[in-house]
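I have placed the structure first, in the form of structure tokens, so that the comments after it can refer back to it.
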Amino acid sequence: MARGGFGGMGGMNMNNLMKQAQKMQKKMEEAQAALAEKTIEVTSGGGAVKIVITGKKVVQSIKINPEVVDPDDVEMLEDLMLSAVNEAVRQADELANSEMGKITGGVGNGLF
């Protein structure tokens, strides 16, 4: 067994590895905090429904154009809402993966 190494780790000692992990963890925490501050605005139905969501997937607001509120066609409004929320969450996921990928070099994309 090689001395001062971790079998096959190319001489990288444990202290350096721990320091790198701590730096990456700090950067990830900073990126997570930044995601909470970023917002994404999504519309559905040509602007009939507007959703604002953070990069951490917290819905901040939902606006509905009064012209699309038809008591005889609630299903249409439900579909517009569903479409807007799903698109907002998709974009928030994309933003999070992009920001975290900058730190991890793409390793683990889809986990954030």
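The values are calculated or read from the model by the stated rules, or taken from the named source; none is laboratory data. Because the structure is a prediction, the values reported are computed rather than measured. Reconstructed Cβ throughout: ideal geometry from the backbone, glycine too, with neighbour counts over all protein chains shown.
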Please identify the pairs in which a residue from the stretch 93-104 that is free of Cβ contacts under 8 Å to residues at least 40 places away in the same chain has its Cβ atom under 7 Å from the Cβ atom of a residue that is of a type in the set (G, A, S) and surrounded by fewer than 16 Cβ atoms within 10 Å (Cβ to Cβ), counting only partners at least 6 apart or on another chain. N97/G110
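Every residue, every condition in (1) modelled with pLDDT of 90 or more; (2) part of a helix (DSSP H, G or I); (3) farther than 20 Å from S61 by Cα; (4) in contact with an Asp or Glu (Cβ under 9 Å, 6 or more places away or on another chain), yes or no:
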{"residue": "E75", "(1), (2), (3), (4)": "yes, yes, yes, no"}
{"residue": "D79", "(1), (2), (3), (4)": "yes, yes, no, no"}
{"residue": "V85", "(1), (2), (3), (4)": "yes, yes, no, no"}
{"residue": "R90", "(1), (2), (3), (4)": "yes, yes, no, no"}
{"residue": "L95", "(1), (2), (3), (4)": "yes, yes, no, no"}
{"residue": "S98", "(1), (2), (3), (4)": "no, yes, yes, no"}
{"residue": "G101", "(1), (2), (3), (4)": "no, yes, yes, no"}
{"residue": "G106", "(1), (2), (3), (4)": "no, no, yes, no"}
{"residue": "F112", "(1), (2), (3), (4)": "no, no, yes, yes"}
Candidate set from the stretch 36-68 (those that are at pLDDT 90 or above, outside any strand (DSSP E or B) and of a type in the set (A, V, I, L, M)); member that is surrounded by the most Cβ atoms within 10 Å (Cβ to Cβ): A48
Cβ-Cβ under 8 Å, sequence separation 6+ or interchain: first residue in the stretch 71-87 and under 10 Å from V49 (Cα atoms), partner of a type in the set (S, T, N, Q) and surrounded by 14 or more Cβ atoms within 10 Å (Cβ to Cβ). Which pairs? L80/S44; M81/S44; S83/S44; A84/T43; A84/S44
Which is out of contact with any Cys (no Cβ under 8 Å at 6 or more places or on another chain) and at positive phi, of K38, K57? K57
